[in-house]
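The values are calculated or read from the model by the stated rules, or taken from the named source; none is laboratory data. Please read these numbers as outputs of a predicted model, since none were measured by experiment. Cβ placement follows ideal geometry from the backbone for every residue including glycine, while neighbour counts extend to all protein chains displayed. Remember, those area values only see protein heavy atoms, side chains included, never the ligands or the DNA or RNA. Shrake-Rupley method; radii C 1.70, N 1.55, O 1.52, S 1.80 Å.
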Amino acid sequence: VNRHDTHRRLLARCDELKGREAERLRAHLLVCDACRELARGYDVQDAMLRPLGQIRPPPALRDAVLASIDRREETNKEPRHTPPAGRLRTWFLGGVVAASVVIAGAFGATSLLDRGSPPSVQMALAKKGYTLLFSRAPAPIGRNVAKQIALAFFPGRVSGVRLARVLNGRAPAFGPGGRLCWMISIVPPDGPLLTQPGNTWLDAASAQGRALPRTGYLVVFVDAKRGTFVLASSADSA
Amino acid sequence: VSGHDVSVAGIDGVHLSDSATSRDVLVDLMNRYEQPLSGYLSVLLSDRDAVRDCAQETFLRAYEHLERGKAVNGQWLYKVARNKAIDHIRHLRRVRTAVDTLETLDWTQPGESERIAAVRRTLAQLSPDDREILYLFIVDKFETAEIGAMLGIRAGAVRVRLFRARERFRALHQKDRS
């Protein structure tokens, strides 16, 4: 690196130069046409790039972050709050869930005892034709976001979140290659689950006149790319 | 939510009172960094949904950090945002084998001028490392030592990279103009 190159490197970061370095560069620029030209070029470069910093933040970013935090704080205050059915109905009627919303596998009382044990959930889903390939890869929709989506519907009742590629040849919603989803275990409340007033299932697939589970797991899947709930399974009564 | 003894340093130092909650601190951080962090992520990532998700996860992570009584500053935010972006890019690389999104940077802001769009197109021809270092030094005005701390490399290495990135950008810009 010759002396000229040294000054060119200093020029590249002249905004941060202080003291002796800045003085040395100033003295060189007085006598070097090529470096003066380069300095002008870098000034132009700076002027071109700086407007990139004026980018507008993504819309609703702040609202989404603060809403997540508010929900989290609310959840901490009321850990086992059951959402009123009317509110749930409003969410649904208002089109909060854009894609198909069908919930959930509910499993026997014994499953509750080994809460958090993936094999029991996996086995129960396997009986319904599901294959879960658990993954630790990052997903477009992050774990926290998926969790917050679930918490919006099940405040204080999310017990576990795992990423999985979900396959089911019998369920077209999962496609031939499966679908990357966050599998979210919901702790069942004492009262009704995701139901309409009158204690019936909201979704047609899970209805079929079955009794509602009062114990066991409720598992929902959140699409890891779109953030929407996707079909999981019809429910077994406890 | 407990109060914090917070000293938020970064581009501009911020000192909040001891009674500030994590939420207060986060709002202050968002006031300062929502825009620059989005800009930074937009230079690394190829679509605005990814920018939004990474920014959102970064601020949520900051909140969790604050809740544990730890301090958060600008450098910390950039570091987390960068890691989120890298995770996202790695994931996309696995999912999409045909297109390396690191090399494509084609989104523009609604209403963005043609001049800025042209700058983006030139930037898109650079490597992500070059884009990142130019953005951090020129747009966000971090010093090379600060950038080194964020990227986990020495300040000397940052200076070399910066010089080379500037030269490559200059050459591309001249080529585009001609």
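Being open to solvent by less than 20 Å² (accessible area, probe 1.4 Å), at pLDDT 80 or above and either under 12 Å from the mean Cα position of the chain (by Cα) or farther than 30 Å from B:TYR63 by Cα (or both) is a property that A:ASP223 has.
Scanning the range B:124-178 for residues that are among the aromatic types (Phe, Trp, Tyr) and either surrounded by fewer than 22 Cβ atoms within 10 Å (Cβ to Cβ) or within 21 Å of B:GLY74 (Cα to Cα) (or both) turns up B:TYR135, B:PHE137, B:PHE142, B:PHE163.
Matching residues to (1) in a helix (DSSP H, G or I); (2) open to solvent by 40 Å² or more (accessible area, probe 1.4 Å):
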residue	(1), (2)
A:ALA39	yes, no
A:TYR42	yes, no
A:MET48	yes, no
A:GLY53	yes, no
A:PRO58	no, no
A:ASP63	yes, yes
A:LEU66	yes, no
A:ARG71	yes, yes
A:THR75	yes, no
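Within the range A:12-37, residues that are assigned to a helix (DSSP H, G or I) have Cβ atoms under 8 Å from residues that are among the small types (Gly, Ala, Ser) in these pairs: A:CYS14/A:ALA22; A:CYS14/A:ALA39; A:LEU29/A:ALA39, counting only partners at least 6 apart in sequence or on another chain.
Go through B:ALA124, B:ALA145 for me and flag whichever is at pLDDT 80 or above, closer than 22 Å to B:GLN35 by Cα and either in contact with a strand residue (DSSP E or B) (Cβ under 8 Å, 6 or more places away or on another chain) or more than 8 Å from chain A (Cβ to nearest Cβ) (or both).
Working: B:ALA145 fails: closer than 22 Å to B:GLN35 by Cα.
Criteria check complete, one pass: B:ALA124.
Pairs are defined by a Cβ separation below 8 Å, a sequence spacing of at least 6 or placement on different chains, a first member in the range B:139-168 that is touching a residue at least 60 places away in the same chain (Cβ under 8 Å), and a second member that is of a type in the set (Lys, Arg) and open to solvent by less than 50 Å² (accessible area, probe 1.4 Å); the pairs so defined are B:MET150/B:ARG82; B:LEU151/B:ARG82. Considering the range A:1-37, and only residues there that are of a type in the set (Lys, Arg) and within 13 Å of chain B (Cβ to nearest Cβ), the residue that is surrounded by the fewest Cβ atoms within 10 Å (Cβ to Cβ) turns out to be A:LYS18. Checked against the criterion of being within 30 Å of B:THR21 (Cα to Cα) and either within 12 Å of chain A (Cβ to nearest Cβ) or at pLDDT 85 or above (or both), the candidates B:GLY111, B:GLY39 yield just one match: B:GLY39.
Within the range A:39-69, how many residues turn out to be more than 7 Å from chain B (Cβ to nearest Cβ) and hydrophobic (A, V, I, L, M, F, W, C)?
First, the residues of the range A:39-69 that are more than 7 Å from chain B (Cβ to nearest Cβ): A:39-40, A:43-44, A:47, A:54, A:59-60, A:63, A:66-67.
Of the ones still in play, those that are also hydrophobic (A, V, I, L, M, F, W, C) are A:39, A:44, A:47, A:60, A:66-67.
Total satisfying the criteria: 6.
Name the single residue, out of those in the range B:64-80 being touching a helix residue (DSSP H, G or I) at 6+ places or on another chain (Cβ under 7 Å) and surrounded by fewer than 22 Cβ atoms within 10 Å (Cβ to Cβ), that is nearest to the other protein chains (Cβ to nearest Cβ). Across the range B:64-80, the extreme among qualifying residues is B:GLU67.
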